[in-house]
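The values are calculated or read from the model by the stated rules, or taken from the named source; none is laboratory data. Please read all numbers here as calculations on a predicted model, not as lab measurements. A quick note on method: Cβ atoms are made from the backbone with ideal geometry, for glycine too, and the neighbour counts reach across all protein chains shown.
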Ligand code: PLP
């Protein structure tokens, strides 16, 4: 395999922009992973995107596997979404007063997904999870929450706690700025290990407000729940009056229109959403059973608000995308097929070149780990060969395939990917692996 000259990407404009950005924006980016810290080099600056493709400042074209970290399930600049945003914007971009669109959005979601009687719109996934645990605490009158090592729920203080293995119950802050007072109320359990949760509940059962998790972990690659794990959490929460929160910011409307709740047949008490429900505009949402959601202000005492919450542009974009998805369930089958062609192809190449690997795939979420499997926990995922990932990332980038720049992110497929795009991706992958192992 050879890299043809015209497919080698050059990005001097991006490099210059990154230098300028680094002087005025921390790390040159507005969200850390974009800085390429875990793969080395400097990020590519994007000017436009359409369907499954991105274009950078130099005009280089890339097949996109970031999909804006999830929202672009039908690809970029989806014509109906663009039209809805344009038409809505012509009537102003925000009112700070209720709109029909918000009602339609809430009706669409509550009538579609299990266990969500009422839903509140916010502006990001972070706001959604932060608000959900506040409501769970207000509802139960208890303080502590359990989260899982390697799960990500945004950057709310309560979630930036990653206890090391020897200190699983200590809740030490893993980000400076998070107070010890906050950290002590977050307990970390091991994903896919019910016993680790049972032990924490047993030791803290009088003060346990909520268990929050990604029902399919997508922020340590892709790790599906083992059989019985979600059911076990459900039973534990029922037994001890703990609010079970599924963080479906990533999985919601991606693995199925009804999310992971439908795929695994387990219904949570509260669910958080983001990404796809905003079609690329800043949106999050939290919802759940009526008796819990009635604790939210102004009906109930738990305060939560937002100047731009339920923003008309975001509602127009999200509603249009969700409606399209609801009306075309075949999208999910198509995405799943594309993901499995990609995952199988990658697996075959890695096998051919004798590279240890494990690939986890649920719907259109694909996690490639460069280590022996199975990968079922954060500690397993952390064994992935990060240096090799970095080399593969750059080999793909220069061949025109933009993977997420982190070894702990799943590939985000969009249904705009054609089978030719996937074939080209696999060709680039094999060229890259051949080059690395030369
Ligand atoms: N929850 C999950 C599962 C996520 O994947 C993310 C973001 O990647 C968040 C919450 C936070 O969402 P946001 O980045 O919109 O604040």
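Within 16 Å of the ligand (Cβ to nearest atom) and out of contact with any helix residue (DSSP H, G or I) (no Cβ under 7 Å at 6 or more places or on another chain), is that true of residue 210?
No, not satisfied.
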Fill in the blank from the handout: Residue hits (the stretch 43-63; part of a loop (DSSP other than H, G, I, E, B), under 23 Å from the mean Cα position of the chain (by Cα) and free of Cβ contacts under 8 Å to residues at least 60 places away in the same chain) are 45
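Is there a residue being under 18 Å from residue 416 (Cβ atoms) and out of contact with any helix residue (DSSP H, G or I) (no Cβ under 7 Å at 6 or more places or on another chain) anywhere in the stretch 341-363? I'd like the intermediate steps shown before the answer.
At the first step, the residues of the stretch 341-363 found to be under 18 Å from residue 416 (Cβ atoms) are 341-342, 363.
Subsequent filtering for residues that are out of contact with any helix residue (DSSP H, G or I) (no Cβ under 7 Å at 6 or more places or on another chain) retains none.
Within the stretch 341-363, none of the residues are under 18 Å from residue 416 (Cβ atoms) and out of contact with any helix residue (DSSP H, G or I) (no Cβ under 7 Å at 6 or more places or on another chain).
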Fill in the blank from the handout: Of the residues in the stretch 399-438, those that are under 25 Å from residue 77 (Cβ atoms) and assigned to a helix (DSSP H, G or I) come to 419, 420, 421, 422, 423, 424, 425, 428
Practice task
Among the candidates 122, 81, 85, 24, single out the residue that is in contact with a strand residue (DSSP E or B) (Cβ under 7 Å, 6 or more places away or on another chain) and away from the ligand (no atom under 16 Å from the Cβ).
Solution key: 81
Exercise for the section: Go through the residues of the stretch 129-141 one by one and say whether even a single one is away from the ligand (no atom under 16 Å from the Cβ), in a loop (DSSP other than H, G, I, E, B) and either in contact with a helix residue (DSSP H, G or I) (Cβ under 8 Å, 6 or more places away or on another chain) or not assigned by TED's automatic domain parsing to the domain that holds residue 277 (or both). Expected result: no
Fill in the blank from the handout: residue 386 passes all but one of the listed conditions (1) touching a helix residue (DSSP H, G or I) at 6+ places or on another chain (Cβ under 6 Å); (2) at pLDDT below 95; the exception is number (1)
